[in-house]
Amino acid sequence: MAKLYYRYGAMGSSKTANAIMVQYNYMERGQKALILKPRLDTRDGLRVVASRSGLKTDCLYVEELDTINPADYDCLIVDEAQFLTRAQVERLVAIVDEMDVPVICYGLRADFQGNLFEGSRWLLAWADTIEEIKTVCWCGRKATCNARISNGHVVKAGEQIMLGGNESYVALCRKHWAQGKLGNEGRER
């Protein structure tokens, strides 16, 4: 029986690298796994998913799901799943439940203000299995928050969606996110 998985983590927790490795593992066993991402994610180029560690693969857009037959694949993998709409998550649920194709989604849980993204909200509500991919704050604690940074400072206001990588976001523990503290001055713990 197929399941809908939601694997979430803060920025820099290797979500995309994990997604690419899962696809590789399927392919290594002679199975077909398709990676998808929302069309609005253009950071790595069109129809490309790339990790900070250098792993890279071609993909399709989630918006193209109606042009393919998901049953032709042994698994669907969705990167940047926080950007999904409720309707897109519902479509993934239907693929799992009606076509018996597993779907593994990777994404952020919350934005830079601590608010759930639409896709995250519905994946947290409907996923059969929810798993956290962990990373650490500069202080050594578990990082659970995504801080948006600008000119060396934590930013707490702005549009929910602003694409960016290490130049725009950093993972922090809840304490340092709330304090807006980016550095390890004094190695406070």
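Calculate the all-directions average of the projected area of the range 2-73's alpha-carbon convex hull, and give it in nm². Write down the numbers at each step before the final one.
Working: hull surface 21.8 nm².
Projected over every direction and averaged, the Cα hull of the range 2-73 covers 5.4 nm².
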Requested in this report: Have a look at 106, 24, 169 and tell me which one the Gaussian network model of the chain (Cα, springs below 10 Å) gives the largest fluctuation.
Outcome: 24
Report summary line: Checking 147, 125, 110 against a Gaussian network model of the chain (alpha-carbon springs below 10 Å), the top fluctuating residue turns out to be 125
Query - Value at 222 nm in deg cm²/dmol, rounded to 500, when DSSP H runs of n ≥ 4 in the chain each add -39,500 (n - 2.57) - result: -7000 deg cm²/dmol
Query raised in the report: Antiparallel as a % of all DSSP beta bridges within the range 29-119, to the nearest 5?
Result: 30
Query raised in the report: residue 130 accessible area, nearest 10 Å², 1.4 Å probe?
Result: 80
Query raised in the report: If ligands, DNA and RNA are left out, what is the accessible area of residue 126 with a 1.4 Å probe, given in Å² to the nearest 10?
Result: 80
Requested in this report: Calculate the spin-label point distance for residue 98 paired with residue 131, positioning each point 7 Å from the Cα along the beta-carbon direction, and give it in nanometres.
Outcome: 2.7
Requested in this report: For 72, 41, write out the residues from largest to smallest accessible area, computed with a 1.4 angstrom probe and no ligands counted.
Outcome: 72, 41
Report task. Express in Å², to the nearest 10, the accessible area of residue 52 obtained by rolling a 1.4 Å probe over the protein heavy atoms while all chains stay in place. Result -> 130
Query raised in the report: Just 150, 13, 120 to compare: in a GNM of the chain, with alpha carbon springs under 10 Å, which one fluctuates most?
Result: 150
Requested in this report: Quote the FRET efficiency, to the nearest 0.05, computed for residue 40 versus residue 66 with a Förster distance R0 of 22 Å and r equal to the Cβ-Cβ distance.
Outcome: 0.80
**Report entry** Members of 3/175; 32/142; 37/134; 3/156; 32/156 lying beyond 31 Å, as alpha-carbon distances in this model show
**Finding:** 3/175; 32/142; 3/156; 32/156
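The values are calculated or read from the model by the stated rules, or taken from the named source; none is laboratory data. In this text, all values refer to a predicted model and were calculated from it rather than measured experimentally. Glycine also receives a Cβ, built like all others from the backbone with ideal geometry; neighbour counts cover every protein chain displayed. Accessible surface areas use protein heavy atoms only, side chains included; no ligands, DNA or RNA. Shrake-Rupley method; radii C 1.70, N 1.55, O 1.52, S 1.80 Å.
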